[in-house]
1. Got at least one residue in the stretch 1-8 being modelled with pLDDT of 75 or more, within 37 Å of the chain's Cα centre (by Cα) and of a type in the set (Val, Ile, Thr)?
2. Answer yes if at least one residue in the stretch 48-69 is of a type in the set (Phe, Trp, Tyr), modelled with pLDDT of 70 or more and in a loop (DSSP other than H, G, I, E, B), and no otherwise.
Amino acid sequence: MPQPAGTITDVHDADITAETIIPPWYGERLDLDHAIYVCLANAKNQQEQQDRRDRRDQQEPEPFRPCMQAMEPGDWAAGIKRIAQYYDQHPDAWPQPQTSSHQVSA
């Protein structure tokens, strides 16, 4: 490595004081192995979270599969909410009017 040009105060703008050199805790030393492990573990966790988000974004949404459900008297509101939820998620599924090919003669 090349030698620095000048002193540390010439090279850096940061104030070098006793508070910046001596840590503000109780004098225990930094465990470098632990610090590196924590940094690598954090980076791994962030990468795994990003990978999960990427996989979730690439997957097609699971289709809505209505299930049979017995309804008690008075539970009709829950059924209506489920039907509305289905049609909100599947706007193309609305029943189309049936046209009859039979002519009715009068």
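The values are calculated or read from the model by the stated rules, or taken from the named source; none is laboratory data. This one's a predicted model, so the numbers in the text were calculated from it and none came from an experiment.
1. Scanning the stretch 1-8 turns up no residue that is modelled with pLDDT of 75 or more, within 37 Å of the chain's Cα centre (by Cα) and of a type in the set (Val, Ile, Thr).
2. Residues of the stretch 48-69 of a type in the set (Phe, Trp, Tyr): 64.
Next, only the ones that are modelled with pLDDT of 70 or more stay: 64.
So of that shortlist, the ones also in a loop (DSSP other than H, G, I, E, B) come out as 64.
Taking every residue of the stretch 48-69 in turn, at least one turns out to be of a type in the set (Phe, Trp, Tyr), modelled with pLDDT of 70 or more and in a loop (DSSP other than H, G, I, E, B).
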